[in-house]
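**Q** Take a look at the following structure, please.
The values are calculated or read from the model by the stated rules, or taken from the named source; none is laboratory data. All of these numbers come straight from a predicted model, not from anything done at the bench. Glycine gets a Cβ as well: all are built from the backbone with ideal geometry, and neighbour counts include every protein chain shown.
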Amino acid sequence: MKKLFLIALACCFTIVGCKKSDRDDDTSTNSSEDYAFSTGLVYDVFKIVHQASNTSQGIVSSTTVDSTSVFGCDTIIFDGSTTPKTLSINFNNCSSSNSRNGYINASYNGFYDDLGTVTTISFNDYILNDFTFIAGTISYQYNGIVNNFPTYTITFNEVKIRNNQNQKIFYSGSYQLAIIDGEATPLFNDDVYEITGSTTGRVFKGNAFSAQVVDKLTINGNCEWVSSGQALVKPESKTTRTLNFGSSCDNKITVTLYDINYELEMP
């Protein structure tokens, strides 16, 4: 009897010890990392087009600047006499702080700085470092001065970005962007943006996700990453993660899952 009891007790411990909790199978931070990184990528495009538009006579209603380049190694080509107005930025082995190739294209249904004007951005083999924008569009409308700041409604329409391992991320969403500093100058380097909104998509490793900003994200014009703010990121069929971007310009983020903090670095 004693032997049988010991065998039964050992089996119980084996079952309890081997049983996994949901937490054991829910530890990935891929969705949070890829969402954080790709948010920096898509808003880098906004910065470039914003500056190119504001420094192109005929695209903006009035400017004392008529620039032919954003970084000095690219070429701005624009036509303000057509309907819609058009602008292309040609990056031919353009290396400033980052390496860029290909084209970013924009069209406008009015002057860039007129209330209600919609800007639509598309890509032609545009490459930022090792990431290629292969599909999708970005469109945004100028809403005028809202709460003292120039404000835009931005829509990301199935923007597809491929990395150098042939993995793809899909990024769709709707955001409000306010320029809270730097708008007095035409260059984006001194700009500071606050954004709110939500995203759905699929990350490089194939997982579907959704994300919602819960504490305004801050993006500095001279920084390639999101500088501060928080978002809730929910991978499909998984528990929601809390993503914290910190409080300074760096590639570090914190992802909180089941009260455990993961300190991570983006590419």
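**Q** Give segment 205-219 a look and list any residue that's crowded, with 20+ Cβ neighbours inside 10 Å and over 13 Å from the mean Cα position of the chain (by Cα), or say none.
**A** Phe209
**Q** Kindly check whether there is at least one residue in segment 147-154 that is assigned to a strand (DSSP E or B), touching a residue at least 24 places away in the same chain (Cβ under 8 Å) and in contact with a Lys or Arg (Cβ under 6 Å, 6 or more places away or on another chain).
**A** Checked against the condition, which is being assigned to a strand (DSSP E or B), touching a residue at least 24 places away in the same chain (Cβ under 8 Å) and in contact with a Lys or Arg (Cβ under 6 Å, 6 or more places away or on another chain), segment 147-154 yields no hits at all.
**Q** Another question about this same structure. Scanning segment 235-249 for residues that are in contact with a Lys or Arg (Cβ under 9 Å, 6 or more places away or on another chain) and not in a loop (DSSP other than H, G, I, E, B), which turns out farthest from Phe170 (Cα to Cα)?
**A** Gly246
**Q** Related question: Would you check if there is a residue in segment 256-264 being part of a strand (DSSP E or B) and either among the small types (Gly, Ala, Ser) or within 14 Å of the chain's Cα centre (by Cα) (or both)? Write out each step before concluding.
**A** The first filter runs over segment 256-264 and keeps only residues part of a strand (DSSP E or B), leaving 256-257, 260-264.
Retained after the next criterion (residues that are either among the small types (Gly, Ala, Ser) or within 14 Å of the chain's Cα centre (by Cα) (or both)): none.
There is no residue in segment 256-264 that is part of a strand (DSSP E or B) and either among the small types (Gly, Ala, Ser) or within 14 Å of the chain's Cα centre (by Cα) (or both).
**Q** What is the number of the single condition among (1) surrounded by 13 or more Cβ atoms within 10 Å (Cβ to Cβ); (2) within 23 Å of the chain's Cα centre (by Cα) that Phe78 does not meet?
**A** With respect to (1) surrounded by 13 or more Cβ atoms within 10 Å (Cβ to Cβ); (2) within 23 Å of the chain's Cα centre (by Cα), Phe78 is out only on (2).
**Q** Could you say whether any residue in segment 52-69 is part of a helix (DSSP H, G or I), among the hydrophobic types (A, V, I, L, M, F, W, C) and surrounded by 21 or more Cβ atoms within 10 Å (Cβ to Cβ)?
**A** Scanning segment 52-69 turns up at least one residue that is part of a helix (DSSP H, G or I), among the hydrophobic types (A, V, I, L, M, F, W, C) and surrounded by 21 or more Cβ atoms within 10 Å (Cβ to Cβ).
**Q** Give me the residue from segment 177-188 that is modelled with pLDDT of 95 or more and more than 13 Å from the chain's Cα centre (by Cα) and, out of that set, surrounded by the fewest Cβ atoms within 10 Å (Cβ to Cβ). Explain how you work it out, then say what you get.
**A** Taking segment 177-188 first, the residues modelled with pLDDT of 95 or more are 177-182, 188.
Narrowing the set further to residues that are more than 13 Å from the chain's Cα centre (by Cα) leaves 178-182, 188.
Numbers: Ala178: 20, Ile179: 18, Ile180: 17, Asp181: 13, Gly182: 17, Phe188: 22.
The residue in question is Asp181.
**Q** Follow-up question, since we're still on this one. Considering only segment 209-254, state which residues are in contact (Cβ under 8 Å) with a residue 60 or more places away in the chain and among the acidic types (Asp, Glu).
**A** Selection gives Glu224 alone.
**Q** Could you pull out the residue among Glu158, Glu224 that is assigned to a loop (DSSP other than H, G, I, E, B) and acidic (Asp, Glu)?
**A** Just one listed residue meets the conditions, Glu224.
**Q** Filter segment 143-171 for residues that are in contact with a Gly (Cβ under 6 Å, 6 or more places away or on another chain) and on the phi < 0 side of the Ramachandran plot; which is surrounded by the most Cβ atoms within 10 Å (Cβ to Cβ)? Walk me through it before giving the result.
**A** Our first condition is that a residue be in contact with a Gly (Cβ under 6 Å, 6 or more places away or on another chain); within segment 143-171, this holds for 156-160, 170-171.
When the remaining residues are screened for being on the phi < 0 side of the Ramachandran plot, the result is 156-157, 159-160, 170-171.
Working: Phe156: 26, Asn157: 16, Val159: 23, Lys160: 17, Phe170: 20, Tyr171: 24.
Result: Phe156.
**Q** So how many residues does segment 73-129 have that are closer than 30 Å to Gly144 by Cα and not in a strand (DSSP E or B)?
**A** So the answer is 14.
**Q** Does Ala135 satisfy the criteria of being over 13 Å from Val42 (Cα atoms) and either assigned to a strand (DSSP E or B) or not polar (S, T, N, Q) (or both)?
**A** Judged against the criteria, Ala135 is not a match.
**Q** Consider segment 244-261. How many of its residues are loosely packed, with under 15 Cβ neighbours inside 10 Å, touching a strand residue (DSSP E or B) at 6+ places or on another chain (Cβ under 7 Å) and among the β-branched types (Val, Ile, Thr)?
**A** Residues flagged as loosely packed, with under 15 Cβ neighbours inside 10 Å, touching a strand residue (DSSP E or B) at 6+ places or on another chain (Cβ under 7 Å) and among the β-branched types (Val, Ile, Thr) within segment 244-261 amount to 0.
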